[in-house]
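All of the numbers you see were taken from the coordinates with simple rules; none came from a lab. Just so it is clear, the structure is predicted and the values come from calculations on it, not from any experiment. Virtual Cβ from ideal backbone geometry, glycine too; neighbours counted across all protein chains shown.
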Amino acid sequence: MRFLFYTQSLVSDWNHGNAHFLRGVMRELVRRGHQATALEPRDSWSRLNLIADQGVAPIAAFRKQFPELRAENYDPNFDHEAAVGDADVVVVHEWTEPTLIARLGRLRRNGGRFTLAFHDTHHRAVSQRREIARLDLTDYDFVLAFGEALRERYLNAGWGKHVFTWHEAADTSLFHPMPEVEKTGDLVWIGNWGDDERSSEIATFLIEPAGRLRLKTAVRGVRYPGSALKALRAAAIAYGGWIANAAVPRAFAEHRATVHIPRRPYVEALPGIPTIRVFEALACGIPLISAPWNDAEGLFRAGKDFLFARNGSEMTRLLRQVLAEQAVAKEMTASGMETIRTRHTCAHRVDELLEIVASYRPIGAAGDLVTTKEVAL
């Protein structure tokens, strides 16, 4: 089948975690003999910020790291009709411009023979509800929501015909242990500042414990304000700025532990949705300690795959334990990798996507679709 993905960017992962997942999904589709193309706006916010921050070298590095992935830019004169006319499945990310989201829906309604899906991987359905409510999803065949709580939001609001839960996952062809890499640091956190959505949590669960334990700590990510950089320096934490996602497995391998600090909207309003970094870290076999969040869907085995710290003092204690007791760390990493391998790889998500798509078939002159399945996977 021919898959077409409308995305903020495939080429750039600057403050854009969905690129991680999309790359893994597309690579898996290609491995299975499907065609997969990503379309991204020429003025993509993520790509323009990456170039402003790092120059054009990361774009060339992406092409070298992911030679099998195909990405094209579009501008206001792009022929979307021709693009979707050649596709079997079109997946439109929620950061796509609202006018284009509506236009693609009209193409589907007016005879398009492709299956049309909307993909939401953010918390705007809660934090910016009016913006999502204004999107015209009337003619979309189904919605893919990256958590059950988000799926329920769509269903309760009447957004979309059918809504499926489709979690993110790890691209295990990229994210895997690298035992040959020497450990040069104690703790690493890879995460963006997040529009003050977790500023106090970063202080409580990262900066203060690392300072108390005098850990050799590294932080990678973007959009850190001056006050945050000052706090990192005060705790003797090395800040390295942006890191390409393809380089993250090695960064994990160079450190003895990592932490997960979820954004507040997910903790308070969308339980059960971790960031993709949890999947990726566990796939790399690095011990993970998380700030509080509710694993409402039972994606992981808390206490086995990773540890929860209820507050800063507990984070300090657990970091000390994991770094001091090799047997504890080894047991955690083995459990976490097992959960990823058996439940949360991009191959699993492609299986789920293909099963959803297979439950739809074109009928009638207008190419309307019917479904035999309306439940979340």
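List of remarks:
- Among Ala87, Leu213, Phe62 the positive-end extreme of the charge dipole of the chain (Cβ point charges): Leu213
- At an R0 of 25 angstrom, the distance between the Cβ atoms of Val126 and Ser313 translates into a FRET efficiency of 0.25.
- Residues in the stretch 58-75 reached by a label modelled at Gln35 [backbone nitrogen below 18 Å; 7 Å Cα→Cβ]: 68-74
- For the pair the stretch 46-60 and the stretch 251-316, the centres of their Cα atoms are 29 angstrom apart.
- For the residue pairs Lys161/Lys304; Lys64/Lys183; Lys64/Lys230, alpha carbon separations beyond 31 Å are given by Lys161/Lys304; Lys64/Lys230.
- The stretch 48-200 - Debye-derived log10 I(q)/I(0), Cα point model, q = 0.15, 0.19 Å⁻¹: -1.07, -1.34
- Assuming charge only on the beta carbon of Lys and Arg (+1) and of Asp and Glu (-1), the dipole of the stretch 1-138 about its Cα centre is about 320 debye to the nearest 20.
- In the stretch 252-302, the convex hull through the Cα atoms has an average projected area of 3.4 nm², a quarter of its surface area.
- The stretch 20-115 shape via C-alpha gyration tensor axes, a/c threshold 1.5: oblate
- Placing unit charges on each Cβ (+1 for Lys and Arg, -1 for Asp and Glu) gives the chain a dipole about its Cα centre, and among Ile132, Val25, Trp189 the Cα reaching farthest toward its positive end belongs to Trp189.
- The charge dipole of the chain, taken about its Cα centre with unit charges on the Cβ atoms of Lys, Arg (+1), Asp and Glu (-1) only, comes to about 680 debye.
- Just so you know, the Rg over Rh for the stretch 162-248 is 1.04, from Cα atoms, with Rh as the Kirkwood radius.
- Candidates Thr345, Thr138, Thr121, ranked by Gaussian network fluctuation over the chain, Cα under 10 Å, top entry: Thr138
- Calculated on the alpha-carbon coordinates, the convex hull of the chain measures out at 132 cubic angstrom per residue.
- FRET efficiency, Arg320 to Glu197 (Cβ-Cβ, R0 22 Å, nearest 0.05): 0.20
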